[in-house]
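Okay, so here's the structure we're looking at.
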């Protein structure tokens, strides 16, 4: 087979573009292509978030999330600084507002230390030193947390990879994938057939679908959750200096409503977490019947709902009631009122769910693995890369590139 690209990446979000950049850095002159179905890169998860550079304090010690977030946070700050992109390291507070949260806060401090993250424990009075308007019983200060503009970061990845010879092809969606002994053929909506030696799946919200198109069973399904945000009105932004989070409930897989000052001065409030009616369902009006039917037919969706229905009802209430959403914010920031909250664009999280209803707790890769003899040839899949994937995009990109280059070498 004559190849159009030696390595073809599906997905022009921050992980796909970081992979393309890592490939061009590791092998100058490598023929790399990136397919993106939208007219421009970073249109979905990458461009629809609060821009937080996560420290890694939440993640299980020894997990890929813990390792890549810690490494990625430092790398992201360096990258933004070197490239002249907006970035700030304000640190963040994690605040306990109820007595029942205090043991969880102590456990979180210990987890952060095990992950090598500097954590300072705070009394109620010391919280005020960092955030005068925030109220709590106790808190943690995590100095390495910050903010950036991930859309700008992704676009710079694309520019750097492009300058090294990679080609970004936008407005082109994958419709069929044919695996052959001598390569992979991808058919697109543009009517083109693109041939490559190795295909890399970084399709985010559609990663499981792309895996199935390639003939692989991912053993999971992406179940989309919409995160809805407000912003503080411009004349009330002084209420929040940096980033403020509640203590997460380990029984619920999301972090809860938090306050995040962005690099452009805006203060995001949110997100909640509600089921989306389409993989790109950024509001309740957006419904994709086929995608919704597939989600409802999946046993894992029902098992997930059974486990978390009480939390889910609270999230739905905050989705439909600004008063309820405001109440959740007031636990941390008593001075805020409903009038201070201005609707902001929502995001959708690509959450991988197993058939038993469990949520994948770590980044997940499939396909060719040089450390696993006999793994599938010519394909590398990124199957689970929700937050903190943007923070960790540089180390994730290097890992995916390592697998893709090893797959390429195995076929030569």
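Any read-out appearing in this document is the output of simple, stated calculations on the displayed coordinates, not a laboratory observation. These numbers were taken from a predicted model, which means no experiment stands behind them. Here the Cβ positions follow ideal geometry from the backbone for every residue, glycine too, while neighbour counts run over all protein chains shown.
At a 10 Å Cβ-Cβ cut-off, how would you order 358, 301, 412, fewest neighbours first?
Numbers: 358 15, 301 18, 412 6.
The fewest-first ordering by Cβ neighbours comes to 412, 358, 301.
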Pick from 103, 299, 343: which is most flexible by mean-square fluctuation in a GNM of the chain where alpha carbon atoms under 10 Å apart are linked? 103
Zero-based 10 Å bins, Cα pair distances in the range 22-168, whole percents: 11, 30, 31, 17, 9, 2
Distance from the range 77-123 to the range 358-412 (C-alpha centre basis), Å: 28
With Cα Rg over 2.2 N^0.38 Å as the read-out, I listed (1) 1.18; (2) 0.98; (3) 0.93; which label goes with the value calculated from this structure? (2)
Per its Cα gyration tensor (rounded if a/c is under 1.5, else prolate when a/b beats b/c, else oblate), the range 271-340 is best filed as oblate
For the range 42-129, Kirkwood radius (reciprocal of mean inverse C-alpha pair distance, Å): 14.8
Note the angle between two axes, namely the Cα long axis of helix 64-83 and the longest principal axis of the Cα atoms of the chain, as a number of degrees from 0 to 90, rounded to the nearest 10. 90
Computed over the chain, the relative contact order (Cα-Cα under 8 Å, seq sep at least six) in percent reads 23
Within 10 Å of each residue's Cβ, count the other Cβ atoms and sort 121, 6 from fewest upward. 121, 6
Of the convex hull drawn through the C-alpha atoms of the range 315-412, the volume per residue in Å³ is 158
Tensor-based shape of the range 245-289 (alpha-carbon gyration tensor, a/c under 1.5 rounded, otherwise prolate or oblate): oblate
Along principal axes, Cα extents of the range 118-181, largest first, whole Å: 64, 28, 23
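Quickly estimate the mean residue ellipticity at 222 nm for the chain, helices only: each DSSP H run with n ≥ 4 gives -39500 (n - 2.57), and the total goes over all residues, rounded to 500.
On the way: 10 runs with 133 residues, N = 412.
My calculation for the chain gives -10500 deg cm²/dmol from helical runs alone.
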Could you work out how far apart the two model spin labels at residue 125 and residue 170 are, taking each label as a point 7 Å from the Cα in the direction of the beta carbon, and quote it in nm? 5.5
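What share of the DSSP beta bridges in the chain is antiparallel, in percent to the nearest 5?
On the way: 50 of 70 bridges.
Here the share of antiparallel DSSP bridges comes out near 70 percent.
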Expressed as a whole-number percentage, the relative contact order of the range 97-178 with C-alpha contacts under 8 angstrom and at least six residues apart is 24
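In percent, how large is the relative contact order of the range 182-302, given Cα pairs closer than 8 Å and 6 or more residues apart?
Numbers: 163 pairs, mean separation 23.7, N = 121.
Reported as a whole number, the value is 20 percent.
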Along each of the three principal axes of the Cα atoms of the range 234-387, give the extent in whole Å, ordering the values from largest to smallest. 59, 32, 28
